[in-house]
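For reference, the structure discussed in these notes is given below.
The values are calculated or read from the model by the stated rules, or taken from the named source; none is laboratory data. A quick note: this is a predicted structure, and the numbers were derived from the prediction, not measured. Note that we place each Cβ from the backbone using ideal geometry, even for glycine, and neighbour counts take in every protein chain shown.
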Amino acid sequence: MAISFHVRSNSFPSRLHPQAAHVDEQLIRLRSSEEASTSSSSSICKRLNNLQELHQSLEKLIRLPATQQALAQDQNKATEQLLDGSLKILDLCNISKDTLSQMKEYLKEIQSILRRKRGNLSGEIKKYLASRRSLKKSFQKVLKSLKVKQDLKCIDESLAVFGEAEAISMNLFDSLFYFMYGSKTCSKWSLVSKLINQKKVSCEAQANEFTKVDFEFQSEKTLKMEDVQVLESCIQDLEDGLESLSKSLIKYRVSILNIIGQ
């Protein structure tokens, strides 16, 4: 279950270790980016980068004697929950990376067919859309498990940052999920053809790289090579950000495991 440390209303006291103050600053920056963030690939990638840097800092923080002492006072319950929560976030990273990689390969094949003007375009589009459905199902399953909270009260306020980091991570993957699948209005592409032209223009105006190509896939005649290329580039950027985050999470988990093994 995900850890449910109480969210702090104030920053760390200045008397705490500088690393703790640095983590606090990063959390403030990430919370601000959540509030100001637009649904664009650049904003998602920036948040992924910030989250990766946060976990690098958390890995350093968790190795401090004061942090380990606070965790030990809870008889490793909080430590085990941190380990469990970080594993689920790592699962989201891996699920996202694997499926995005698969989607990218299908997009490459679609581009090849468009260039050669021959081949089974419909078949490749079906494979691509199937990979998106697979990612959606996996995302929902893991996100649901992350939202299950255990009622555990921390005995040390300094440990709250780890719970906050987990919550921020979950929010980012929520944002990534909705970025990839669009709003409820624009995600039901089977109904688009039934809407009046003005409504279709409004829906397309809200589209991002993913939903725009989804829309074009409904009618192969409107499919544009440049839009597929832009989406492929977007996927590559997301993959890079997820890969960096994944590496930081692995190091973070190793430090948590070292505490349990002491």
- Task: Would you please name the residue that is modelled with the highest pLDDT, looking only at residues in the range 147-162 that are in contact with a helix residue (DSSP H, G or I) (Cβ under 8 Å, 6 or more places away or on another chain) and surrounded by 15 or more Cβ atoms within 10 Å (Cβ to Cβ)?
- Result: Phe162
- Task: Go through the range 73-124 and give me each residue that's in a helix (DSSP H, G or I), among the small types (Gly, Ala, Ser) and without any contact (Cβ under 8 Å) to a residue 60 or more places away in the chain.
- Result: Ser112, Gly123
- Asn49 being of a type in the set (S, T, N, Q), touching a residue at least 40 places away in the same chain (Cβ under 8 Å) and out of contact with any Cys (no Cβ under 8 Å at 6 or more places or on another chain): yes
- Qualifying positions in the range 95-125 - out of contact with any helix residue (DSSP H, G or I) (no Cβ under 9 Å at 6 or more places or on another chain), within 17 Å of Ser219 (Cα to Cα) and of a type in the set (D, E, K, R): Lys117, Arg118
- Name every residue in the range 1-27 that is closer than 21 Å to Leu242 by Cα and at pLDDT below 90, in order of residue number. Ala2
- Query: Right, Leu143: touching a Leu at 6+ places or on another chain (Cβ under 8 Å), closer than 29 Å to His22 by Cα and either small (Gly, Ala, Ser) or modelled with pLDDT of 85 or more (or both) or not?
  - Reply: no
